[in-house]
1. For the range 292-308, take each phi angle, set θ = phi - 60°, evaluate the Karplus expression 6.51 cos²θ - 1.76 cosθ + 1.60, and give the result in whole Hz per residue in order, putting x for glycine and proline.
2. Compute the FRET efficiency between Leu385 and Asn339 as 1/(1 + (r/R0)^6), taking r as their Cβ-Cβ distance and R0 = 22 Å, and round to the nearest 0.05.
3. So for each of 104-113, 266-275 I average, over its residues, the number of other beta carbons within 10 Å; can you give me the resulting order with the highest mean first?
4. What order do you get for 258-264, 186-192 when each peptide is scored by the mean count of other beta carbon atoms within 10 Å, highest first?
5. Can you list the HN-Hα couplings for the range 273-282, worked out from phi with the Karplus curve (6.51, -1.76, 1.60; θ = phi - 60°), rounded to whole Hz and with x for Gly and Pro?
6. When only C-alpha pairs under 8 Å and at least 6 residues apart count, what is the relative contact order of the range 206-306, in percent?
7. Under 5 Å between amide H atoms, partner at least 5 residues away or on a different chain: which partners does Ser222 have, H built in plane at 1.01 Å?
8. How would Thr197, Thr336 line up by accessible area, probe 1.4 Å, largest first?
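The values are calculated or read from the model by the stated rules, or taken from the named source; none is laboratory data. Here the structure is a predicted model, which means the values were calculated and not measured. FYI the Cβ positions are ideal-geometry reconstructions off the backbone, even for glycines, and counts take in every protein chain you see. Heavy atoms of the whole protein, side chains included, go into the accessibility calculation; ligands, DNA and RNA do not. Shrake-Rupley method; radii C 1.70, N 1.55, O 1.52, S 1.80 Å.
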Amino acid sequence: MLLHFSPASSTSPPSPSSFTSNYFLHRLSISRPPYLEFPLKPRTHLFKPTSPPVSYSTKTKLLYPSANRADFRSYALPGFDFGSVESVLEAAGVLTAIIVVHETGHFLAAYLQGIRVSKFAVGFGPILAKFNANDVEYSIRAFPLGGFVGFPDNDPDSDIPDDDANLLKNRPILDRVIVISAGVVANIIFAYAIIFTQVLSVGLPVQEPFSGVLVPDVRPFSAASRDGLLPGDVILAINGIQLPETGPRVVSQVVDVIKKNPKRNVFLKVERGKQDFEIGVTPDENVDGTGKIGVQLSPNIKITKLRPNNIFEAFNYAGKEFWGLAYNVLDSLKQTFMNFSQSASKVSGPVAIIAVGAEVARSTVDGLYEFAALLNLNLAVINLLPLPALDGGSLALVLLEAARGGRKLPLELEQRIMSSGIMFVLLLGLFLIVRDTLNLEFIKDLL
C-alpha cells in the first residue's frame with residue numbers, strides 16, 4: 001500500500017496538495033519455490049500464530065506457508081480463491097479500516113494544527129456518497145484504490161487567498177513534517193492496538209509441531225477424495241519417505257512428489273485417529289503437466305493460547321509481538337532489495353490482498369489479527385521510502401527545503417516529480433488489478 005500525493009480533486013492537475021493512499025502492497029516475504037517463507041533467522045517475538053492452509057488444486061501451485069509466522073503474507077499467489085462472501089467482506093473491511101486510519105492520521109495532524117483541509121475521501125474516481133461538515137467534503141468513491149486527504153493549496157476553485165497562513169504550503173517546515181508523517185504514525189499505533197486487542201481478547205497462539213503434514217480439507221470429486229483421503233488425515237510418509245516434524249520443507253516435500261507424478265500412483269502413509277495405514281492416490285494432471293490431488297495441506301501443529309495474567313503482561317506480550325512483526329517486515333524489505341530481480345513481480349494490488357485476507361479470515365481469527373497488523377506495518381515502512389508518490393518522497397522534498405535554508409524547489413519541478421510518481425502508481429495499480437483478477441480461481445475456471 002503506497003501513500004502518495006495527488007490532486008486535491010479528481011479533475012485538477014497533479015500537485016503536492018493532498019495525501020493519498022493506494023492498495024499496492026509490497027509482499028512481505030521472499031519466494032523460494034515451491035514454497036514461501038521468511039529467512040530462518042532468530043525472531044524477537046515469542047509466539048508463532050497459526051497459519052491458514054493453502055489450496056493445492058486445479059490451476060493452482062501450492063505455495064507452502066512455512067512454519068514461521070504470518071504465512072499469508074505472500075500476496076502474489078497464482079490462482080486466488082475468494083471463498084465465502086463473509087470472509088471477503090472481512091478482508092475488505094480490514095483494508096478499508098487501514099486506509100481510513102492512515103488518512104485520519106494526516107487529517108487530524110492538519111486539523112489540530114489549524115491547517116485548512118478541503119477533502120477526506122475513501123477511494124478514487126466518481127463520488128458514490130458524500131456529505132459536508134466544517135468546510136470539509138467527506139466522500140466514498142467508486143474505485144477502491146485507497147483514499148486521500150485534500151488540501152485547498154492549489155485548488156483553482158478555492159476562494160482562500162494564496163497567502164493564507166493556514167494553507168499547508170505556507171506553514172513552517174515542522175508543521176508540514178508532522179502532517180506528512182502522521183499517516184505512518186497512525187498505522188504504527190493501529191498495528192500495536194490490534195496486537196494488544198488480540199492479546200486481551202483471544203490470546204497469543206503458540207505452536208507445538210508434530211511429524212507429518214495435516215490435510216485440513218479435501219475437494220469434492222478430486223483425486224484425493226476419489227482415492228479415500230479425508231479431512232483431518234495426517235500424512236506421515238510419501239512413497240516410503242518418512243516426513244520430519246514441521247519445518248520449512250515438510251509440506252513442499254509432499255507437493256514435489258505429487259507434482260512429479262501425474263497419473264502415477266503415489267503411496268501415502270496416513271494417520272487417521274489412532275490408526276496408521278497406507279493409501280494409494282493417483283494425481284490428476286494439470287494443464288501444465290504437473291500432478292494435483294485437490295487438497296489443502298498445512299504443517300501438523302497443535303495450537304494453544306497464552307493469555308496474560310495481568311495488564312502488565314498484556315503490554316509485555318503485545319510489545320514483543322509488535323517488535324517481532326516489525327522485524328519481519330523490515331527484514332523482508334531488505335531481502336527484497338537484495339533480490340529485486342526475483343521479487344519485483346511480487347507486488348500485489350487490492351484484489352490479491354483481499355483474496356489472501358479472505359483465506360486468512362476463513363482459517364483463523366488469530367491470522368486475521370496478524371494480517372491486519374502486518375498490513376499496517378507494511379504500509380508504514382513502505383511509505384517512509386524516499387520515493388516520489390510516497391510519504392517518504394514528500395518528506396524528502398520538505399527536508400531538502402530545510403537544507404536549502406527554507407528555499408522551496410520551483411513549484412513546477414516539484415509537481416513534475418510528484419506527478420510522475422502518481423502516474424506510475426496509477427498505471428501499476430491498473431496492471432495489478434487486471435493481473436490479480438485474472439488469477440482468481442473462479443475466473444481461471446471460466447477462461
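1. Whole-Hz 3J(HN,Hα) from phi for the range 292-308: 8, 10, x, 10, 9, 10, 8, x, 7, 10, 9, 9, 10, 10, 10, 10, x.
2. 0.85
3. With the highest mean Cβ count within 10 Å placed first, the list reads 104-113, 266-275.
4. Ranking, from highest mean packing down: 186-192, 258-264.
5. x, 9, 10, 10, 7, 9, 10, x, 10, 9
6. Normalised by residue count, the contact order of the range 206-306 is 39 percent.
7. When sequence neighbours closer than 5 places are left aside, there are no close amide H contacts.
8. Thr197, Thr336
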